[in-house]
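Note sheet for the following structure.
Bear in mind these aren't lab numbers, they're just calculated from the coordinates by the rules spelled out. Because the structure is a prediction, the values reported are computed rather than measured. Note: ideal-geometry Cβ built from the backbone for every residue, glycine included; neighbour counts use all protein chains shown.
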Amino acid sequence: MLSFESEARMFETVRRLGGFGAEPVPTENPYWATHGALAFPDPDGRQVVLVPRPEF
């Protein structure tokens, strides 16, 4: 999980990932989707979850 200071910062990273051809996938845990997070697959088949704001 990577948390960002704001949604704008997260979407800046999402835009950059899209430039490399990365596409978001459904989150394995629905909790993240309900909190505005996006998931991307990593090369090992796991998910990297981008969270728009710190959860803690």
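Of note:
- Rounded to the nearest 20, the Cβ-based charge dipole of the chain about its Cα centre (Lys and Arg +1, Asp and Glu -1) stands at 120 debye.
- Calculated [θ] (222 nm, deg cm²/dmol) that DSSP helices of n ≥ 4 give over the chain, each run adding -39,500 (n - 2.57): -9000 deg cm²/dmol
- Length-normalised contact order for the chain - Cα pairs under 8 Å, 6+ apart - percent: 47
- Annotation: extensible slack from Leu17 through Thr34 equals 4.0 nm (criterion: 0.36 nm per residue apart, minus Cα-Cα distance).
- Segment 32-48 - phi-based ³J(HN,Hα) in whole Hz, Karplus 6.51/-1.76/1.60, Gly and Pro as x: 5, 4, 6, 9, x, 7, 10, 10, 10, x, 9, x, 8, x, 9, 10, 9
- Sparse packing (at most 12 other Cβ atoms within 10 Å of the Cβ) combined with a DSSP loop state is found for the following GluC sites (Glu not before Pro) in the chain: Glu5, Glu28, Glu55.
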